[in-house]
Structure formats: C-alpha cells, structure tokens
Amino acid sequence: MIKPRDYQNKAIQDIRNSYIANNRAPLLVLPTGGGKTIVFSYIAATTAARAKKVLILDHRVELLRQTSENLNWAGVRHGLVNPQYTQDLTATVQVASVQTLVRRLAHFKRFFAPDLIIIDEAHHATAGTWRKIVEEFPTSRVLGVTATPIRGDGKGLGVESGGIFDDMVIGPQVQELIDMG
C-alpha cells in the first residue's frame, strides 16, 4: 500500500474535509515533485477499497503509464483506456487518456459510472473534451490535481469564473518541500 508523507496525508485530509463541506470538486495544488500522483493514487486505492468506482483522466500516455505504475505498486487492479492497451472495463479503477475516452464515451458509460473522477494536470479541465467527460457524470465527485492552478488562456478553473472546481486545497510550496528534505 502507498504510504504518503505527512504533508501528503494533510492534503488527503483537507480533500476529505472539502467533500464533507459539500464541495463536489476540490482542486489540489501541489508543486512539481510534491507527489500529486502518490496523493491521488492513494485516494483512488482507498476509494476502490470501499467498492466505489474511480476514473482517472490523463492527457498524455506518459502520465497514463506513470499513474498505472503507481496503482500497480499499490496493488490496485485497474483498466487502461488508450489505444495502446487492451481495454478492461471490469476493474473498479479506470485510467483513461482524455482523447481516447471522449471518442469512446457512449460505450464507456454503458459499463462504467464513476463515483469519483480524478483529473491529473487539472489546469486543462476547462477545455472542451475534459469538461464533456465531467458533464457526462453529473453525480460523480471530482478531484483535480495540478502544480499550476492557472490557464495560459486566462480562463478560470473555479466555478465562479466558468470552471468546474468549487474549492482549492493548497499543499506546501517548493521551499517548504525543500526544507522538509
């Protein structure tokens, strides 16, 4: 099982507290190297252990592989939705390439309805394909993770500015991570 560091455990608890406060879609901001994949893999593992379905969205095959490796390390059975892999929609956790999933969405929905959608690199989440996937599952909780909570085009990520996230959980900054070793 994944053993998060203390600051990652705090982020996990802050995300739980956000859901307890009736937020649907918190955004975790953690710098590069802070272990975003560890945090969301741990959340996916514990969610799946409660017989809940998890969909993890990645936008590059390298990130899809990284997520899959972390889930394998944690002993979490998962399917991969990408042309390079044989699809297995029987697994409780699915890791999907956004571009592939949006093309297969009608088929995917017949077999898999996530309780939680995790969006890696969540600063992309307001783009059309990402938003379309989230909107297809209106009762699913959402968790976004990013190191950069701003978009290059200036569009906001929060619901108040047309985005999808309704709370922000901020982890330690780079210097704090360095100070922690």
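The values are calculated or read from the model by the stated rules, or taken from the named source; none is laboratory data. Treat the numbers as computed from the prediction; the structure is a model and nothing was measured. Using ideal geometry, Cβ is built from the backbone for each residue, glycine included, and neighbour counts are taken over all protein chains shown. The protein model used for the area step is the full one, side chains on, heavy atoms only, and it has no ligands, DNA or RNA in it. Shrake-Rupley method; radii C 1.70, N 1.55, O 1.52, S 1.80 Å.
Comparing VAL98, VAL159, VAL39 in a Gaussian network model of the chain, where Cα atoms under 10 Å apart are tied by springs, the biggest mean-square fluctuation is seen for VAL159. When the accessible area of the range 1-89 is split by element with a 1.4 Å probe, what percent falls to carbon and sulfur? Roughly 48 percent of what the probe reaches on the range 1-89 is carbon or sulfur. Structural descriptor for the range 1-67: relative contact order 32 percent, calculated from alpha carbon pairs under 8 angstrom and at least 6 residues apart. Taking amide H atoms as placed 1.01 Å from N in the peptide plane, the amide H of HIS78 has no partner under 5 Å among residues 5 or more positions away or on other chains. Helical content of the chain, expressed as a calculated mean residue ellipticity at 222 nm, amounts to -11500 deg cm²/dmol (DSSP H runs of 4 or more residues, -39,500 (n - 2.57) each, divided by residue number, nearest 500).
Loop-located trypsin sites (Lys or Arg not before Pro) in the range 62-145 (DSSP state not H, G, I, E or B) with no more than 12 neighbouring Cβ atoms inside 10 Å: ARG77. Taken about its Cα centre, the range 114-171 carries a charge dipole of about 140 debye when Lys and Arg each add +1 at the Cβ and Asp and Glu each add -1 at the Cβ.
With a 10 Å cut-off between alpha carbons and a GNM built on the chain, which of ARG50, ARG60, ARG24 moves the most? The residue that fluctuates most here is ARG50. Each part reduced to its alpha carbon centroid, the range 42-56 and the range 125-151 end up 18 Å apart.
Can you bin every Cα-Cα distance in the chain into 10 Å intervals starting at zero and give me the percent of pairs per bin, rounded to whole numbers? P(r) over the chain, rounded to whole percents: 10, 41, 38, 11, 1. A simple charge model with +1 on the Cβ of Lys and Arg, -1 on the Cβ of Asp and Glu and nothing else charged puts the dipole of the chain at about 620 debye relative to its Cα centre.
Rounded to the nearest 20 debye, what is the charge dipole size of the range 1-74 about its Cα centre when +1 sits on each Lys and Arg Cβ and -1 on each Asp and Glu Cβ?
With Lys and Arg at +1 and Asp and Glu at -1, about 220 debye.
For the chain, the solvent-accessible area with a 1.4 angstrom probe is 49 square angstrom per residue.
In this simple spin-label model, placing a label point 7 Å from the Cα along the Cα-to-Cβ direction at both ARG131 and ARG16 gives a separation of 3.4 nm. Think of the range 93-181 as having a plus end and a minus end, set by charges on the Cβ of Lys, Arg, Asp and Glu; of VAL159, THR148, ILE170, VAL159 sits farthest toward the positive end of this dipole. Structural descriptor for the chain: relative contact order 30 percent, calculated from alpha carbon pairs under 8 angstrom and at least 6 residues apart. Between amide H atoms placed 1.01 Å from N, distances below 5 Å from ALA127 occur with no residue 5 or more places distant or on a separate chain.
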